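Engineer: Shown below is the structure under consideration.
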Amino acid sequence: MDFYSFYLGESFEAYRHLGAHPEGEGTVFRTFAPGARAIAVIGDFNDWQETPLHKVYDGNFWEVQISDARPGMRYKYRITGKDGRVLDRCDPYGFFSERRPGNASVIWPLTGYRFGDEGWMRRRSAAYDRPLNIYEVHLGSWRRPSDEPDCWYSYRELAELLPGYLREAGYNYLELLPLTEHPCDASWGYQSTGFFSPTARYGTPDDLRYLIDCCHRQEIGVILDFVPTHFAVDDFALWQYDGTSLYEYPSQDVGYSQWGSCNFMHSRGEVRSFLQSAALYWLREFHFDGLRFDAVSNLIYWQGNPARGENRAAIRFLQTINAGLKAREPQALLIAEDSSQYEGVTRPVAEGGLGFDYKWDLGWMHDTLSLFQMDPAQRPQNYHKLTFSMMYFASERYLLPFSHDEVVHGKATILQKMNGDYDRKFPQARTLYLYMMAHPGKKLNFMGNEIGQLREWDENRQQDWLLRQYPIHDGFYHFICDLNRLYLTHPAFYRADYQRQGFAWLDCHQEARCLYTFERRCREERMVFVFNLSDREQRYELPATEGELLRPVLSTDWQPYGGTHPENRDALVQKNGSFEMTLAPFSGVAFVTGE
């Protein structure tokens with residue numbers, strides 16, 4: 001390892017040196033603990049008796065080789081801190097862990113699994129001009145073999161279920177909530193104790209590789225939710241690792257996040273090298289196609305609060321990690337969950353930006369859901385909640401998310417948010433999703449939304465798949481599937497997502513009637529979308545150019561989806577220079593133009 005780069009915060013492969021590495025007949029254990037007085041390793045190989053580590057290099061690194069230590073064996077570091085306190089710790093660079101409630105690290109080799117996804121790896125890209133339709137999943141509650149506690153499908157079992165489901169439903173990317181080892185199920189993986197260790201809840205690291213491999217063989221990309229902002233406070237992990245604030249801030253006013261976890265101290269080179277190495281590890285060693293960075297606004301601003309000013313060290317960290325990852329894995333997707341108005345999140349680092357490929361458009365999400373939650377009588381005066389985002393959509397490469405955060409903690413599910421009674425929610429939700437797909441930007445939808453989930457997400461229960469026994473939910477599911485496939489096969493949806501010429505309003509001044517009409521276009525085709533967000537049927541005339549045809553390819557009001565009209569794909573006929581149509585309440589129609 002280049003120790004100088006490690007200290008400068010420029011290392012991306014520290015994991016190849018630190019951690020437990022099988023070598024020859026045994027295993028070499030290495031850890032970075034400059035403040036420790038003494039360190040011993042205890043584990044299955046020495047009956048949990050102490051084998052001392054010795055200082056190497058500059059005295060801040062410790063190591064030992066043990067001939068009897070084999071892959072699959074558990075271990076911990078027994079660290080005597082600067083203050084004399086002795087604690088048993090899991091390995092910060094450990095590549096596997098025992099299943100909770102145990103917290104020991106497990107020896108696991110970096111090599112061993114043989115991927116079969118060479119074709120996918122050659123073809124993948126950052127997808128700027130390609131479709132990107134993401135299905136966000138918490139593996140422990142997508143499907144479960146039973147409702148018993150701690151009863152989950154394994155990575156390998158999910159490999160037989162999940163890729164095929166995604167293909168059927170029209171998603172081409174899977175995003176997994178954090179899989180780094182974490183002690184508390186209710187944290188959903190966002191308070192990690194093992195940044196290099198895939199959670200043992202669902203199997204081994206090679207089992208996870210198998211799941212990703214199977215997704216790739218079915219043309220499904222896989223994104224990992226990555227948490228570079230904070231870590232769990234458990235005293236068997238990173239907190240006060242060597243008896244000092246090695247990874248966290250020593251000051252409590254910036255040392256703890258609003259989630260009760262420890263903030264990483266990004267001004268330290270060793271911390272930056274740790275996180276950068278973890279990011280590359282998941283991309284390179286597991287073939288993840290991208291990382292979604294959690295809580296980026298908490299890196300840009302102190303405690304996520306613009307009033308407290310910019311955290312320049314954390315901003316430089318973001319620029320360094322993104323530039324470094326792109327240099328090493330150019331096709332990887334780097335996605336920012338950022339609720340701030342900070343400029344240049346998706347601008348290249350060389351041009352002064354943060355270097356992400358995409359940024360979540362949380363403003364679009366809030367405005368859109370707000371309008372659909374309103375009583376129809378209130379919508380005319382709030383009409384431009386749906387036009388505002390078109391003013392800025394090309395300023396960043398945005399991704400439109402209906403994520404896990406929107407279906408928990410009393411917020412209600414996406415379907416439940418729709419205004420009105422049960423029957424009135426479905427046509428509005430279908431129209432909401434057509435509007436989402438038609439809007440410029442890539443897409444993300446959380447599991448369960450596609451079946452019209454009514455119950456808020458609970459990490460301890462699988463999704464309510466029995467809902468598909470009810471025709472209205474099954475129709476909603478088939479609508480989402482058809483809409484997804486339409487998105488994947490019509491380039492007007494995605495080819496010019498971030499170019500002004502890819503979108504144009506045709507009519508955005510129908511405030512009193514709550515009607516909206518716009519077009520998406522690219523070199524190959526032009527599509528027109530018409531929406532009626534009022535609670536009444538309306539006749540509408542859309543001006544037409546001579547000889548032009550409008551062919552409906554999807555309507556939210558077709559009967560197979562739970563609507564009121566038979567499916568009809570006949571082209572509209574011009575009359576007096578316009579297309580006349582009747583729009584059902586809370587409906588939307590997608591047309592392909594032609595001559």
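Engineer: Return yes or no: is Arg16 of a type outside the set (Ser, Thr, Tyr) and either at positive phi or more than 30 Å from the chain's Cα centre (by Cα) (or both)?
Structural biologist: No, not satisfied.
Engineer: Within segment 523-541, is even one residue more than 27 Å from Ser389 (Cα to Cα) and β-branched (Val, Ile, Thr)? Steps first, please.
Structural biologist: Residues of segment 523-541 that are more than 27 Å from Ser389 (Cα to Cα), as a first pass: none.
No, because not a single residue in segment 523-541 is more than 27 Å from Ser389 (Cα to Cα) and β-branched (Val, Ile, Thr).
Engineer: So, one more: Pick from Ala394, Ala377, Ala412: which is free of Cβ contacts under 8 Å to residues at least 60 places away in the same chain and either assigned to a loop (DSSP other than H, G, I, E, B) or under 20 Å from Ser339 (Cα atoms) (or both)?
Structural biologist: Ala412
Engineer: Tally time: how many residues in segment 190-207 are of a type in the set (S, T, N, Q) and in contact with a strand residue (DSSP E or B) (Cβ under 6 Å, 6 or more places away or on another chain)?
Structural biologist: 4
Engineer: Could you tell me whether Met365 is more than 23 Å from Gly189 (Cα to Cα) and surrounded by fewer than 17 Cβ atoms within 10 Å (Cβ to Cβ)?
Structural biologist: no
Table: residues versus (1) under 28 Å from Pro380 (Cα atoms); (2) in contact with a Leu (Cβ under 9 Å, 6 or more places away or on another chain).
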site	(1), (2)
Asp482	no, yes
Tyr487	no, no
Gln510	yes, no
Phe518	yes, yes
Ser534	yes, yes
Leu542	yes, yes
Pro552	yes, yes
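Engineer: Among the listed residues Leu238, Leu166, identify the single one that is farther than 24 Å from Ser267 by Cβ, surrounded by 18 or more Cβ atoms within 10 Å (Cβ to Cβ) and among the hydrophobic types (A, V, I, L, M, F, W, C).
Structural biologist: Exactly one of Leu238, Leu166 is farther than 24 Å from Ser267 by Cβ, surrounded by 18 or more Cβ atoms within 10 Å (Cβ to Cβ) and among the hydrophobic types (A, V, I, L, M, F, W, C), namely Leu166.
Engineer: Here's something else I'd like to know. Looking at this structure, is Phe226 surrounded by 20 or more Cβ atoms within 10 Å (Cβ to Cβ), in contact with a helix residue (DSSP H, G or I) (Cβ under 8 Å, 6 or more places away or on another chain), among the hydrophobic types (A, V, I, L, M, F, W, C) and under 28 Å from Ile39 (Cβ atoms)?
Structural biologist: Against the criterion (surrounded by 20 or more Cβ atoms within 10 Å (Cβ to Cβ), in contact with a helix residue (DSSP H, G or I) (Cβ under 8 Å, 6 or more places away or on another chain), among the hydrophobic types (A, V, I, L, M, F, W, C) and under 28 Å from Ile39 (Cβ atoms)), Phe226 does not qualify.
Engineer: Looking at Arg114, Arg70, can you tell me which residue is in contact with a Pro (Cβ under 9 Å, 6 or more places away or on another chain) and in a loop (DSSP other than H, G, I, E, B)?
Structural biologist: Going through Arg114, Arg70 in turn, just one is in contact with a Pro (Cβ under 9 Å, 6 or more places away or on another chain) and in a loop (DSSP other than H, G, I, E, B): Arg70.
Engineer: So is Ser192 under 18 Å from the mean Cα position of the chain (by Cα), modelled with pLDDT of 95 or more, within 20 Å of Asn263 (Cα to Cα) and of a type in the set (Gly, Ala, Ser) or not?
Structural biologist: yes
The values are calculated or read from the model by the stated rules, or taken from the named source; none is laboratory data. What you are looking at is a predicted structure, and each value in this text was computed from that prediction instead of being measured. For neighbour counting, all protein chains shown are included, and Cβ atoms are generated from backbone atoms with ideal geometry for every residue, glycine included.
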